[in-house]
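Comments concern the structure below.
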Amino acid sequence: MKIKWIKAFFFALVSIAIFLFLSHVYTEKRVYTVTSWAYSSTLAGFYHEPKNSLDVFFLGTSNFSSGFLPAVMWDEAGIKSYNFSLPAMPSITGYYWLKEALNYHSPSVVVLYARWLVQFPDMDVDDSNTESRLRQALDPMRLSKTKIESIIDALSQSENQSFMDYLFPLFRFHSRESLDEVDYSFSYKMSRHPAMGSRLYLRHQSRRLREDFFDEDRDVGFSVSDEYYTKIIDLCKENGIAVLMIETPTTDYEWTMSMHSIYKEYADRFGVPFFDLNLAEDRGNFELDFAIDFADHDHMNILGATKASRYIARYLSEAMGVPDRRDENLDPHWETITDFYREHYLRFSEYVHLLESAPLGRYLSSLKDFGDSYVFINAIGDFTMHLSEYDRLSLEKLGLETEFEGELDGGTYFAVLSDGLVIAEEYSTSAIEFNEHLQPLDVSVRSAVHHFGVGADTYTSDIMINDRQRSYNETGFNVVVYDKISEQYVSKLFPTDAENYLHILRPYEIWLVEHNRMERSDSSYSRREPLEKMIQNMDLRSYLSDLENVGEDLIIITSVKDEGSCLMPYISEQLSALGISTDFSDRYRQSFISVYEMSSGYSYEAISPDQLLFHSDSDLPIIIEVSSAGFEVGNEASIKIDGEEYAINSRGLNVVIYDKVLGIVCDSFSVDTYDDMSFSINR
């Protein structure tokens, strides 16, 4: 009898294990990658945070998930936060996830998505889309009293769904026909989230506000539904938690002035601070740029989210008293998520830089160090007619072997590069093709000229990727870049056969062309490689590190515009490479100038709340005129050498570097040292 009981026990145990395993496998899930929404990882990862270690929760939909980044909050103000926001997440699941989270943590602030007040007012629980929204939030929740309450509440209005289907998802999903590798994975349930619940949105879409955006009469048909919103606020008050309401920026239809009034009235009624980041005064506080900071009409990308997160982090710290935890015993995971964020922020900044209009040579120079990418080049017509020397030099530096001289006019050409290496290249006077599968892309490149008599030629310049045309398919150079990390494309056309193809060289381009003309035997030629490596940097800290490895025949001039002191203390030791030793603490919005000649040790520095002017004397070999005006005294940076202006004149630190060997400026850039902890270089 005892043996029978033992067998029965183990049979039951194995049966339960199999049931739980199959339930996990067949439950629909989405695991974190940087290119997708990942509700399974977002919520499962929360359970691995050390108990009572989080001070701020974010509750909302995808706008919050992509809009507020815990890594930036930590970097800016030492705030430990978690983002519980999911795509189209209903406020009912937000309420129950807050209840669940409070079993593990005691936050001081909950940040709430304002649009929940007008979103999903009449949910049909039996609708497939609504079921999906509920399940993406409830399936990852551990079995608990809160989960049982949430299921009962969510299904109280359902006629077709059962409690057991939600409690044990295998009953609902056992008939799934297709399973993939991720369905068998348990890793996301056993690890912390690499972005603390948020999504690093690596997409770009240039946007602008509708003309009637602020029209008082514009109506988008939403109605108020505040039941669970009120429950969330009441729950926070019961637990002594402050609440902050935020409406995220949008650009066309999902916001109206009447909705803003609803949010404001509700916030005032409950005594809750409220930011509407669609209003000019709030949006202007973090300088949101519609041209680069959006992923689509309604979501900020990682660039916009960085600005918004820093702005809100400062408010949480200064106005709501959220503590800075950076001086406490450091949890290494916060350094890990910060590094993960910075890696993708810098990468996406480089990607957005590729979207800028530029002559061919300058664009190709940007591609040289843009790894983890495919580059497709297709050229037809008289595509070498107006190439400059810098264009040709840049084509050569990509590793292309074709000599782009006049005899190529009227021909066909293509090249394909993977991670900076040329994998295919061909020039011909007839049609040429490249057809390959380059993981994960099916690629077809075709270049052809069709002759129909004198003056009647037509051209084909196809770059087909996964059966979609990515080329402009016009004469000149058609260039398509595929970023393997963000899975995004950049398509550019350079009409090098047209008379209006303009080529205005930047200082670095002029310097490189001039240096290329030097004889290799020249004693100063050895400076080229370290200087070129330095100048191609897009990060100030790397730039300054490389600067220490170049020769001393440089003059470095700096000028601050607007506000440049906020982030200077973070790199104070590295700034010595620019000859800067000034302490920028408590120098908010002040003017600053420095001039440093490396070889002689000549150094000049000045900082003041008033505008500053500098004019060189006989101690320097060139005529230098510098002015700096902080935000309140002119808001300008000017650096003139021999009467010519070279300063970028952007907010923060403006830098110009003069090469005494060649007698020309070799670099000019700016760095936003007010609000960009990546210290990215703008040229």
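Assorted remarks:
- Meets criteria (assigned by TED's automatic domain parsing to the domain that holds residue 659, within 35 Å of the chain's Cα centre (by Cα) and among the charged types (D, E, K, R)) for residue 586: yes
- Screening residue 618 on (1) at pLDDT below 95; (2) part of a strand (DSSP E or B) shows it passes everything except condition (2).
- Within segment 527-556, residues that are closer than 13 Å to residue 599 by Cα and touching a residue at least 24 places away in the same chain (Cβ under 8 Å) reach partners that are part of a loop (DSSP other than H, G, I, E, B) and among the β-branched types (Val, Ile, Thr) with beta carbons closer than 6 Å, at six or more positions or on different chains, in the pairs 553/661.
- Filtered residue count, segment 579-597, keeping only those that are surrounded by fewer than 20 Cβ atoms within 10 Å (Cβ to Cβ) and closer than 26 Å to residue 660 by Cα: 2
- The one condition in (1) part of a loop (DSSP other than H, G, I, E, B); (2) more than 30 Å from the chain's Cα centre (by Cα) that residue 675 fails to fulfil: (2)
- A count restricted to segment 621-632 and to residues that are part of a strand (DSSP E or B) and either touching a residue at least 24 places away in the same chain (Cβ under 8 Å) or under 18 Å from residue 674 (Cβ atoms) (or both) stands at 6.
- Answer from 290, 275 - the residue that is in the same structural domain as residue 201 (by TED's automatic domain parsing), aromatic (Phe, Trp, Tyr) and in contact with a strand residue (DSSP E or B) (Cβ under 6 Å, 6 or more places away or on another chain): 275
- Boolean, residue 513 is of a type outside the set (Lys, Arg), at pLDDT below 80 and not in a loop (DSSP other than H, G, I, E, B): yes
- Members of segment 633-672 found to be within 17 Å of residue 566 (Cβ to Cβ) and in a loop (DSSP other than H, G, I, E, B), listed by number: 635, 650, 651, 672
- Put simply, of 286, 340 the only residue that is under 25 Å from residue 680 (Cα atoms), part of a helix (DSSP H, G or I), in contact (Cβ under 8 Å) with a residue 24 or more places away in the chain and in contact with a Leu (Cβ under 9 Å, 6 or more places away or on another chain) is 340.
- Extreme residue, surrounded by the most Cβ atoms within 10 Å (Cβ to Cβ), among residues of segment 538-573 that are over 26 Å from the mean Cα position of the chain (by Cα) and not in a loop (DSSP other than H, G, I, E, B): 557
- When the residues of segment 461-484 are filtered to those that are more than 24 Å from the chain's Cα centre (by Cα) and of a type in the set (Phe, Trp, Tyr), the one that is farthest from residue 431 (Cα to Cα) is 472.
- Residues within segment 66-79 that are assigned to a loop (DSSP other than H, G, I, E, B) and within 20 Å of residue 570 (Cα to Cα), tallied: 2
- Residue 209 among the aliphatic types (A, V, I, L, M), over 27 Å from residue 256 (Cβ atoms), under 24 Å from the mean Cα position of the chain (by Cα) and part of a loop (DSSP other than H, G, I, E, B): no
- Residues in segment 282-326 that are crowded, with 19+ Cβ neighbours inside 10 Å and of a type in the set (S, T, N, Q): 3 in all.
- Once segment 238-278 is narrowed to residues that are assigned to a helix (DSSP H, G or I) and among the aromatic types (Phe, Trp, Tyr), the residue that is surrounded by the fewest Cβ atoms within 10 Å (Cβ to Cβ) is 270.
- Of note, residue 425 satisfies the criterion of being charged (D, E, K, R) and farther than 24 Å from residue 515 by Cα.
- Segment 143-157 residues that are assigned by TED's automatic domain parsing to the domain that holds residue 101 and touching a residue at least 60 places away in the same chain (Cβ under 8 Å), paired with ones that are hydroxyl-bearing (Ser, Thr, Tyr) and part of a helix (DSSP H, G or I) (beta carbon under 8 Å, 6 or more apart): 153/96; 154/93; 154/166
- Residue match in segment 639-657 (condition: touching a residue at least 60 places away in the same chain (Cβ under 8 Å) and touching a His at 6+ places or on another chain (Cβ under 9 Å)): no
- Tallying residues that are over 12 Å from residue 197 (Cα atoms), in contact with a Lys or Arg (Cβ under 9 Å, 6 or more places away or on another chain) and assigned to a loop (DSSP other than H, G, I, E, B) within segment 49-60 yields 3.
- Selection status of residue 235, more than 28 Å from the chain's Cα centre (by Cα) and either among the hydrophobic types (A, V, I, L, M, F, W, C) or outside any helix (DSSP H, G or I) (or both): yes
- Unmet criterion (only one of (1) touching a Gly at 6+ places or on another chain (Cβ under 7 Å); (2) in a helix (DSSP H, G or I)) for residue 589: (2)
- Listed by first and then second residue, the pairs linking a residue in segment 579-600 that is in contact (Cβ under 8 Å) with a residue 12 or more places away in the chain to a residue that is of a type in the set (Val, Ile, Thr) and part of a loop (DSSP other than H, G, I, E, B), with Cβ atoms under 8 Å apart and 6 or more places separating them unless they lie on different chains, are 591/633; 592/582; 594/580; 594/582; 596/580.
- Set 253, 266: member being under 31 Å from the mean Cα position of the chain (by Cα) and among the aromatic types (Phe, Trp, Tyr): 253
- Residues in segment 37-75 that are under 16 Å from the mean Cα position of the chain (by Cα) and among the β-branched types (Val, Ile, Thr): 72 only.
- Screening segment 403-471 for strands (runs of 3 or more DSSP E) wholly inside it with 3 or more residues that are among the acidic types (Asp, Glu), surrounded by 12 or more Cβ atoms within 10 Å (Cβ to Cβ) and at pLDDT 90 or above returns no ranges.
The values are calculated or read from the model by the stated rules, or taken from the named source; none is laboratory data. From a predicted model like this one, the values you see are computed outputs, not experimental measurements. Positions of Cβ are generated from backbone atoms using ideal geometry, with glycine treated the same way; all protein chains shown enter the neighbour counts.
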